[in-house]
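Worksheet: the structure to be examined is printed underneath.
What follows draws every value from the coordinates through simple rules; no lab data is involved. None of the values given here were measured: they were computed from a predicted structure. Positions of Cβ are backbone-derived with ideal geometry, glycine not excepted, and every protein chain shown enters the neighbour counts.
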Number of protein chains: 2
Amino acid sequence: MAETETTTEPRHPDSSRRSERSRRAIYEAALDLVTEVGYARTTIEGIASRAGVGKQTIYRWWPSKAAVLLEAFLDLVTPVDPAHGAGFPDTGDLEADLKAVLRASVDELTDPRYEGPTRALAAAGIVDETVGAEFLEKLLDPGLRLYTERLEAAQEAGEADPGIDPRIATELFVGPLLHRWLLRTLPLTHDYTDRIVEYALYGLRPRG
Amino acid sequence: MAETETTTEPRHPDSSRRSERSRRAIYEAALDLVTEVGYARTTIEGIASRAGVGKQTIYRWWPSKAAVLLEAFLDLVTPVDPAHGAGFPDTGDLEADLKAVLRASVDELTDPRYEGPTRALAAAGIVDETVGAEFLEKLLDPGLRLYTERLEAAQEAGEADPGIDPRIATELFVGPLLHRWLLRTLPLTHDYTDRIVEYALYGLRPRG
């Protein structure tokens with residue numbers, strides 16, 4: 001294993017640093033461009049020109065516009081979104097864990113750095129089934145799975161009804177979050193997502 | 001009143017019928033075009049050309065592209081969506097009423113005639129705040145209000161907890177519906193919305 005690592009290491013550290021700089025410039029250009037002109041009018045040529053690289057550089061590293069944007073986007077969201085990378089918290093208190101994750105998602109969705117590209121990609125996936133399927137597989141489904149697994153753990157721990165379908169229950173949390181954010185019906189706040197968690201866990205019927 | 005009706009009646013029935021035919025042709029052209037090329041690339045000129053009318057005809061009747069599309073869209077959805085026009089049912093059984101309305105919404109959202117324009121308008125509103133605000137005010141908010149009023153009636157009838165905020169609770173139903181439909185995560189079915197209603201009303205916690 002150590003030998004393999006050695007042989008795959010870049011032979012020219014300077015060229016590797018240049019590549020890393022280009023990659024970051026391409027990510028940034030892709031996210032800025034999709035925010036400004038939308039998915040449909042974002043092109044490989046436009047990204048290359050804005051990033052100050054040749055378009056062959058992009059084609060060498062990514063097979064398509066969707067692939068560049070997806071990677072740029074994953075690079076953007078991974079460090080701060082607890083639903084990605086860091087995993088879903090399991091403190092043994094389902095209500096507290098759901099509130100924490102939804103509050104972090106509110107912060108991310110309302111952060112100006114993420115809002116533009118996130119809206120542009122969501123809008124592209126809504127009208128274009130192929131784009132939607134790609135972003136669903138790479139970006140959305142992994143996040144939804146973490147909710148579902150946390151709900152399954154809650155069922156085993158006696159914190160959630162064993163009869164519910166955890167995949168459907170997941171949408172009681174992420175659905176209202178996305179609805180209010182995408183459609184801008186009312187401000188997306190921590191107080192809102194806290195109420196959603198309480199209503200979903202305890203139900204809307206009169207409490208005995 | 002009878003006299004008023006007489007005086008406002010069109011003096012030239014033929015011209016009125018022609019106008020009605022033009023209006024329907026414009027609606028149809030607008031919905032087809034937005035489905036095919038998206039909101040941003042739909043123009044008054046394009047709608048006029050496709051409808052076989054002069055663009056002055058459109059400018060005489062509507063102030064903007066958004067206004068034509070909104071009216072075309074309202075004309076399309078009103079006859080079949082129980083959340084519009086016909087009002088929200090109140091049979092005294094909140095669970096049954098919510099299931100009926102959500103099932104009707106599923107049928108509408110998955111009907112190919114509505115799916116294209118609905119997706120195109122949703123995507124436009126997601127990236128363009130002005131378009132989003134217009135569609136929210138005219139199209140979305142009136143529907144959400146009907147849910148909220150039905151939940152308020154349920155609170156008065158002792159079918160829902162008086163402590164919940166009915167506007168927030170509304171999003172427990174419409175959020176998952178829109179989430180699954182917009183993002184195409186899994187098939188949008190009656191069984192799915194039935195489960196959402198049950199989970200939201202009775203909660204996800206273990207049942208005593």
Checklist line | Set A:Lys55/B:Lys65; B:Lys99/B:Lys138; A:Lys65/B:Lys55 screened for pairs whose C-alpha atoms are more than 26 Å apart | finding: A:Lys55/B:Lys65; A:Lys65/B:Lys55
Check: Label-point separation (nm) for B:Thr130 and B:Glu152, each offset 7 Å from Cα along Cα-to-Cβ?
Finding: 3.3
Check: Among B:His179, B:His190, which comes first, second and so on when ranked by fewest other beta-carbon atoms within 10 Å?
Finding: B:His190, B:His179
Notebook entry, point to check: How far, in nm, would the chain grow between A:Arg24 and A:Ala67 when pulled straight, counting 0.36 nm per residue and subtracting the alpha carbon separation?
Noted result: 14.0 nm
Item checked: Mean Cα-pair separation over length for the range B:150-208, i.e. relative contact order, pairs under 8 Å, 6 or more apart, % -> 23
Notebook entry, point to check: What FRET efficiency do you get for A:Ser15 and B:Glu115 if R0 is 60 Å and r is their Cβ-Cβ distance, rounded to the nearest 0.05?
Noted result: 0.75
Note to self: So if I place +1 on the C-beta of Lys and Arg and -1 on the C-beta of Asp and Glu, and nothing else carries charge, what would the dipole magnitude of chain A be about its Cα centre? I want it in debye, nearest 20.
What the structure shows: 960
Checklist line | Residue list for the range B:88-125, given a label point 7 angstrom along the Cα-to-Cβ vector of B:Arg50 and an amide N cut-off under 11 Å | finding: B:117
Checklist line | Distance between the range B:135-208 and the range A:121-197 - C-alpha centres, whole angstrom | finding: 15
Margin query: In the protein assembly as shown, if the dipole is taken from +1 on Lys/Arg beta carbons and -1 on Asp/Glu beta carbons about the Cα centre, which of B:Pro166, B:Ala25, B:Leu151 is farthest to the positive end?
Written below: B:Ala25
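Could you give the dipole magnitude of the protein assembly as shown about its Cα centre, charging the beta-carbon of Lys and Arg +1 and that of Asp and Glu -1, in debye to the nearest 20?
Working: 48 positive and 70 negative charges, 372 e Å.
In total the dipole reaches around 1780 debye.
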Note to self: In the protein assembly as shown, if the dipole is taken from +1 on Lys/Arg beta carbons and -1 on Asp/Glu beta carbons about the Cα centre, which of A:Pro117, B:Gly116, A:Pro63 is farthest to the positive end?
What the structure shows: A:Pro63
Margin query: For A:Val37, place a label point 7 Å from Cα along the Cα-to-Cβ direction in every copy; what are the distances to the other copies, in nm, shortest first?
Written below: 1.8
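How many Cβ atoms of partner chains, on average, are near each residue of B:161-172 if near means within 10 Å of its Cβ?
6
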Next item on the list: Rounded, prolate or oblate: pick one for the protein assembly as shown, where a ≥ b ≥ c are the square roots of the eigenvalues of its C-alpha gyration tensor, a/c under 1.5 means rounded, and failing that, prolate if a/b is larger than b/c, else oblate.
Entry: oblate
Note to self: If you take each beta carbon of peptide A:87-96 and count the beta carbons of other chains within 10 angstrom, what is the mean?
What the structure shows: 0
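Relative contact order for chain A: what percent, with Cα pairs under 8 Å and sequence separation of 6 or more?
Reported relative contact order: 19 percent.
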Next item on the list: Could you calculate the FRET efficiency of B:Arg207 with A:Lys138 from 1/(1 + (r/R0)^6), where r is the beta carbon distance between them and R0 is 35 Å, rounded to 0.05?
Entry: 0.40
Note to self: Taking a point 7 Å out from Cα toward Cβ as the label site, list the nm distances between B:Pro187 and the same residue in every other copy, smallest first.
What the structure shows: 4.2
Check: So if R0 is 25 Å, what FRET efficiency would B:Asp191 and B:Asp93 give, r being the distance between their Cβ atoms, rounded to the nearest 0.05?
Finding: 0.85
Margin query: Quick check on the range B:136-208: take the gyration tensor over C-alpha atoms, sort the square-rooted eigenvalues as a ≥ b ≥ c, and tell me if it's rounded (a/c under 1.5), prolate or oblate.
Written below: oblate
Margin query: Treating the point 7 Å from Cα along Cα-beta-carbon as the label, what are the nm separations from A:Asp111 to the other copies, to one decimal?
Written below: 4.2
Check: What value, in deg cm²/dmol to 500, does the helix sum -39500 (n - 2.57) over DSSP H runs of n ≥ 4 give at 222 nm once divided by the residues of chain B?
Finding: -22500 deg cm²/dmol
